[in-house]
Amino acid sequence: MNYSEKVMDHFINPRNVGEIEDADGIGEVGNAKCGDIMKMYLKIEGETITDCKFKTFGCGAAVATSSMATEMIKGKSIGDALQLTNSAVMEALDGLPPVKVHCSVLAEQAVKAALTDYYTKQCIDPEPIVGKVPEMEEE
Ligand code: FES
């Protein structure tokens, strides 16, 4: 399987790995295809995502896409983070092998799950803003 240099770089040296203790939003999602899990932590001030970290039991492609996704939303507005798609993340990584595309969905969904948690904690209905985030699926 051929991975781009960017994928390898983010896999070997992932950015923003870890937890945020006083996170404003935490999202956990599972990948229905492989059973892997992703947890995303967001620190939010006003409308800005000031910090974000992730932990995953996913494969190398999941690590690389999450690493890139955190870089793409850090310092951005919530609105920008909601626009983040797995295809944009894959593009930023110069592509992924087709069998690994499902891994990149994990990062996008984890960001949305964390924003859902953020709004829920503030007693704001997240669904009109974030949309539906698939529940952790079991095969
Ligand atoms: Fe599970 Fe990639 S194989 S996230």
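Report, ordered by the first and then the second residue, all pairs with beta carbons closer than 8 Å, sequence separation of six or more or different chains, a first member in region 17-42 that is more than 17 Å from ALA62 (Cβ to Cβ), and a second member that is of a type in the set (S, T, N, Q) and outside any strand (DSSP E or B).
GLY25/THR116
Against the definition (among the basic types (Lys, Arg), open to solvent by less than 80 Å² (accessible area, probe 1.4 Å), more than 16 Å from the ligand (Cβ to nearest atom) and not in a loop (DSSP other than H, G, I, E, B)), how does LYS6 come out, yes or no?
Against the criterion (among the basic types (Lys, Arg), open to solvent by less than 80 Å² (accessible area, probe 1.4 Å), more than 16 Å from the ligand (Cβ to nearest atom) and not in a loop (DSSP other than H, G, I, E, B)), LYS6 does not qualify.
Residue-by-condition table, conditions (1) of a type in the set (Val, Ile, Thr); (2) assigned to a loop (DSSP other than H, G, I, E, B); (3) under 15 Å from GLY25 (Cβ atoms); (4) open to solvent by less than 20 Å² (accessible area, probe 1.4 Å):
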{"residue": "MET68", "(1), (2), (3), (4)": "no, no, no, no"}
{"residue": "GLY75", "(1), (2), (3), (4)": "no, yes, no, no"}
{"residue": "VAL89", "(1), (2), (3), (4)": "yes, no, no, yes"}
{"residue": "LEU96", "(1), (2), (3), (4)": "no, yes, no, no"}
{"residue": "ALA107", "(1), (2), (3), (4)": "no, no, yes, yes"}
{"residue": "ALA110", "(1), (2), (3), (4)": "no, no, yes, yes"}
{"residue": "ALA114", "(1), (2), (3), (4)": "no, no, yes, yes"}
{"residue": "ILE129", "(1), (2), (3), (4)": "yes, no, yes, no"}
{"residue": "VAL133", "(1), (2), (3), (4)": "yes, yes, yes, no"}
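Matching residues to (1) hydrophobic (A, V, I, L, M, F, W, C); (2) in contact with a helix residue (DSSP H, G or I) (Cβ under 7 Å, 6 or more places away or on another chain):
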position: SER4; (1), (2): no, no
position: VAL17; (1), (2): yes, no
position: ILE26; (1), (2): yes, yes
position: GLU45; (1), (2): no, no
position: ILE49; (1), (2): yes, yes
position: GLY58; (1), (2): no, yes
position: ALA61; (1), (2): yes, yes
position: ALA69; (1), (2): yes, yes
position: ILE73; (1), (2): yes, yes
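Six or more apart or on different chains, Cβ atoms under 8 Å: show the pairs whose first residue is in region 58-85 and under 25 Å from MET8 (Cβ atoms) and in contact (Cβ under 8 Å) with a residue 40 or more places away in the chain and whose second is small (Gly, Ala, Ser) and part of a loop (DSSP other than H, G, I, E, B).
SER66/GLY58
For the structure I just gave you, tell me whether VAL101 is under 16 Å from GLY30 (Cα atoms), more than 13 Å from the chain's Cα centre (by Cα) and in a helix (DSSP H, G or I).
So VAL101 fits the description; yes.
Do any residues in region 98-116 that are within 14 Å of LYS132 (Cα to Cα) have Cβ atoms under 6 Å from those of residues that are more than 15 Å from the ligand (Cβ to nearest atom) and in a helix (DSSP H, G or I), where the two are at least six apart or on different chains, and which pairs are they?
Taking only residues 6 or more apart or on different chains, the pairs are VAL111/ALA81; LYS112/VAL130; LEU115/VAL130; THR116/VAL130.
The values are calculated or read from the model by the stated rules, or taken from the named source; none is laboratory data. Quantities reported herein were computed from a predicted structural model and do not represent experimental measurements. Because the Cβ atoms are built from the backbone with ideal geometry, glycine has one as well, and the counts that use them run over all protein chains shown. For the accessible areas, the whole protein counts, side chains as well, though only heavy atoms, and no ligand, DNA or RNA atoms are used. Shrake-Rupley method; radii C 1.70, N 1.55, O 1.52, S 1.80 Å.
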